[in-house]
Each structure stands twice: as structure tokens, then as C-alpha cells.
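Inspection log for the structure reproduced underneath, given as C-alpha cells.
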Amino acid sequence: MKVLISEKKLAAKVKALAKQIRNDYEGEVPIFCGILKGSFLFMADLVREYASECEIDFMAVSSYGNAKKGSGVVRLIKDLHINVKQRHILIIEDIIDSGLTSTYIKQYLKLRKPKSVEFVTLLDKSEARKVKIDIKYVGFNIPNKFVIGYGLDYAEKYRQLPYIAECEDEERLK
Ligand code: IMP
Ligand code: MG
């Protein structure tokens, strides 16, 4: 396993992102909407560093099977609890890859007439993008390689790693 982003680098970046968001949303109470499951560790660290008034909710989505992978067809598994009408929403993502899942989520949330919807992603794999997407807050730009750890899985494993690592063939075969 090759470590791509250490625990220390993650912590420093999360702190910087939280500070930037806090400055931009001063006087507001944004809703941090974490996309499960991948965002759970990033979300937990980000809101603790944010240390200002905010509300927290989660959504879970899933792509329709493998056959349609990359088709942008997304199934909603868990919806938000909070009413987002006229509220500022921050969608918290682990990684934006093709951008298809994120685009679906944003379109879905916009139907509820929020005041604003912006993306915060820890990782941006922009080389793999299939649709244009504006991301307001990006942690790290990474090459088009499969990564695991800090919430990200390979077949539901490795989410608990405190760092981001490149998923090598041995891990994929396990
Ligand atoms: P997108 O719709 O292609 O942008 O897919 C985003 C989702 O695919 C993420 O929320 C992850 O669950 C998953 N994903 C994309 N790339 C990786 C990766 O390198 N490691 C683990 N999961 C990934
Ligand atoms: Mg996954």
C-alpha cells in the first residue's frame, strides 16, 4: 500500500478548508450535507474544525449496478431530514471522479429551492471528469488512480485507514 496523503497532511488541509468556509459563510448557518458513506470521516473532522454554527445532515446514493456504472443513473438510498428551502447547502464529498453522482445530487437538491448549493470535496480526480462541474472547495487534486482510506473504500474495505493510499493490485485481489 502506497500512502498518497498522510494523516498530517489531511489534518492541515481540513483545517484550512474549514477556515475558508467559515470566512465565506460568516453570519450564516450552512447545512453540511455529507454523502454517505465515503464522506463520514472527512465530514466529522471538517465540522469540528469549522467550529461555528452549522447544521448537519446526510444523504446516501448508489449507482445502479455495475452495468450502468458511469451512466449517471443514481438511486437515492437515504434522503435529508432537514428542510433546505432558502438555506445554504454545502455538499460534502469524499471524491469527485466522473462528476455524475455529484451532478445528480445537486440537481436533486436544487428542486427544494435552497439559497445556494456548493461542493466541498476532499479529493478531485479531475482527469476522470465526464461532466463539467463547479467545485467551490477542493482539498487535493489527485491523479486518475484508485485510492482508499479516510472514508474511501475498495469493496467496502479500508474506509478506516487514517490516510489516503493508492489501492494496489494486492488489495484489489484480497
Ligand atoms: P463519480 O460519480 O464518478 O464522481 O463517483 C463518485 C463516487 O465514486 C465517490 O463518491 C466514490 O464512492 C467512488 N469513487 C470514485 N473514485 C474512487 C476511488 O479512487 N476510490 C474509492 N472510491 C471512488
Ligand atoms: Mg464506494
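The values are calculated or read from the model by the stated rules, or taken from the named source; none is laboratory data. Quantities reported herein were computed from a predicted structural model and do not represent experimental measurements. Here the Cβ is made from the backbone with ideal geometry for all residues, glycine too, and neighbour counts use every protein chain on show. Surface areas here come from the heavy atoms of the whole protein model, side chains and all, with no ligands, DNA or RNA. Shrake-Rupley method; radii C 1.70, N 1.55, O 1.52, S 1.80 Å.
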> Within the stretch 2-173, what percent of beta bridges assigned by DSSP are antiparallel, to the nearest 5?
Replying inline: 35
> If Lys and Arg each add +1 and Asp and Glu each add -1, what is the summed charge of the other residues whose beta carbon sits under 13 Å from the beta carbon of residue 22?
Replying inline: -2
> Hey, could you pull the Cα Rg and Dmax for the chain, both in Å?
Replying inline: 15.7, 49
> Under a 5 Å amide H to amide H cut-off, with H placed in plane at 1.01 Å, what residues pair with residue 123 once short-range neighbours are removed?
Replying inline: 95, 96, 139, 140
> Of the heavy-atom accessible surface of the stretch 2-173 (probe 1.4 angstrom), what whole percent is carbon and sulfur?
Replying inline: 50
>> Spelling out what I want: for every residue of the stretch 139-155, take phi, set θ = phi - 60°, compute 6.51 cos²θ - 1.76 cosθ + 1.60 (Karplus), and round to whole Hz; glycine and proline get x.
In response: x, 9, 8, 10, x, 6, 10, 7, 10, 9, x, 6, x, 7, 10, 10, 6
> Using modelled backbone amide H atoms (1.01 Å from N, in-plane), which distant-in-sequence or interchain residues come within less than 5 Å of residue 4's amide H?
Replying inline: 164, 165, 166
>> Need the C-alpha centroid separation for the stretch 1-28 versus the stretch 79-151, integer Å.
In response: 16
>> With a cap of 13 neighbouring Cβ atoms within 10 Å, and only residues DSSP puts in a loop, list the trypsin sites (Lys or Arg not before Pro) found in the stretch 31-133.
In response: 68, 69, 85, 115, 130, 132
> For the residue pair residue 141 and residue 128, what label-to-label distance in nm results when each label sits 7 Å from Cα along the Cα-to-beta-carbon direction?
Replying inline: 1.7
>> Using the basic label-point model (7 angstrom from Cα toward the beta carbon), what is the residue 62 to residue 77 distance in nanometres?
In response: 0.6
> In the stretch 15-68, which chymotrypsin sites (Phe, Trp or Tyr not before Pro) are in a loop and have at most 14 other Cβ atoms within 10 Å, using DSSP for the loop call?
Replying inline: 64
